[in-house]
Each structure stands twice: as structure tokens, then as C-alpha cells.
Amino acid sequence: IAPSPPSRSSQLLYRRSYAMRRVQVAASCLHVLLCLARMLRVCSGLNVLVVGGSGRVGGSTLRWLQEYSSRDPNLDLKCNVGCRSQSSFDAAVRRGVIPKSGVDFVPVDLDGGDDKLTEAIDGCGLVVHTAGPFQGRKDPALLRCCIAKGIPYVDVCDEYDLAVTSKQMMEDAEAAGVAAVVSSGIWPGVSALMAAEAKAKLERNSGEQCDT
């Protein structure tokens, strides 16, 4: 028996949800890029490692960095992608997520220990961490290694516990003179503001205090 075709309403719902995912990815990238732009203003040339660059947010960040560098003759960026395997890197190149030239693969295992992470980021002038999902992670190992190496760091962490633990390293970053931007994506920043605005409107309309 052939399955019945999806209804028009279900098709519209899918299209809306797909469009929303694209908007969310774009917004997350925008927040990361704004943070990066502030950092790059003080840099004339450096190696940038985008950890998770084979994904949607990381790939968009990588392509923007290359575009940004091409617009400014005084800005010389060498961008590389950090991911678990060469096969993941190659697949991202085939899909067009990663440019076919000018980008190298760097093996990065976030669970491989500080020594291997330190080796992976050696020689970098900036590390951008977009390798989700962050849920369930509690150890900001990559941030810790960047601080130890004196390398500026940006991530798109959307895991509350991990973000809190990361921010507890602020004094270490300040002492090392390292710029570190945590949770620069749309989650939990903009999404939290949207929830707060919705709560405020609900309270105004209902006249009652909302606990959640």
C-alpha cells in the first residue's frame, strides 16, 4: 500500500520549521562573527582554527572569515578546520560547507585530553569553538588549553552548566591576558531575552505573576 502524500498543512509546517532552523543557524553565526570582528580588528595576520568547522555554524563562520579577510588587504588570515576525522572534513568539502582550497584539516578530539588539544591549537592566533552539541559537557577543556597557550577563544556554548564552569575561569584568562568570549551564539543569549519578553507580556496581559 502506497503511503498517502503529506497534507498541505504538514508541508507548510515542515517548510516553516526548516526556515526557522535556517534563521537560527544564521543568527547564531552572526553573534559569533560580531565577536570575531572585534577580535580581528587588533590582528593583522594570524592562524584561525575553527573547531567544528565541518558543521553548519562552523562552516558558515569559516566562509565568513575568509570573505572578511579578502575585503581587507591588511588582514591576513589562514583558516583551518578542526574536527575528529579526515572523512568528516572531506565530506564537508564535498557538500560545500568547507571551501575546496585554502583550508587544512586539523585533527581535534575534545575528549582526547589536554595534551592532544594543546598540540592541535599550537601556533594558532585564534580558536573558534563551534563543535556541538555542548549538552552534557561540563569540562571546558579547549578553553583551558587556549588560556594556557595565550590564545584568544570564542565559543557558541549553549549548555548552562558548561557556560558557568567556563566563566569561572575568567580570572585565569585575565591573568594570562587572553580574550575569551563564551556563549556567543543565539542560545542562550537571544533566546533567553525572547523568553523574558514573552513572560513580561504574559504577565501584563494576565495581571498575574508567572514563575516559569
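The values are calculated or read from the model by the stated rules, or taken from the named source; none is laboratory data. The structure presented is a predicted model; accordingly, all values stated were derived computationally and were not measured. Reconstructed Cβ throughout: ideal geometry from the backbone, glycine too, with neighbour counts over all protein chains shown. Keep in mind that these areas ignore ligands, DNA and RNA; they rest on the heavy atoms of the full protein, side chains included. Shrake-Rupley method; radii C 1.70, N 1.55, O 1.52, S 1.80 Å.
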Placing one equal point scatterer on each C-alpha of region 70-210 and summing with Debye, one gets log10 I(q)/I(0) at q = 0.13 Å⁻¹ equal to -0.69
Net charge (Lys, Arg +1; Asp, Glu -1) of residues whose beta-carbon lies under 10 Å from that of R137, R137 excluded, is -3
The answer for region 61-178, accessible area per residue at 1.4 Å probe in Å², is 53 Å²
For the D76, Q168 Cβ pair and Förster radius 30 Å, calculated FRET efficiency rounded to 0.05 is 0.30
If amide H atoms are modeled at 1.01 Å from N in the peptide plane, then the residues at a separation of 5 or more from V181, or on another chain, having amide H under 5 Å from its own are Y153, V154, D155
Carbon and sulfur atoms account, in whole percent of the 1.4 Å probe accessible area of region 90-163, for 49 percent
Label model pair R95, A200: point-to-point distance (7 angstrom along the Cα→beta-carbon line) in nm is 3.8 nm
Semi-axes a, b, c in Å (a largest) for region 79-132, each sqrt of 5 times a Cα gyration tensor eigenvalue, come to 20, 13, 9
Cα-based Rg then Dmax for region 128-200, in Å, read 13.1, 44
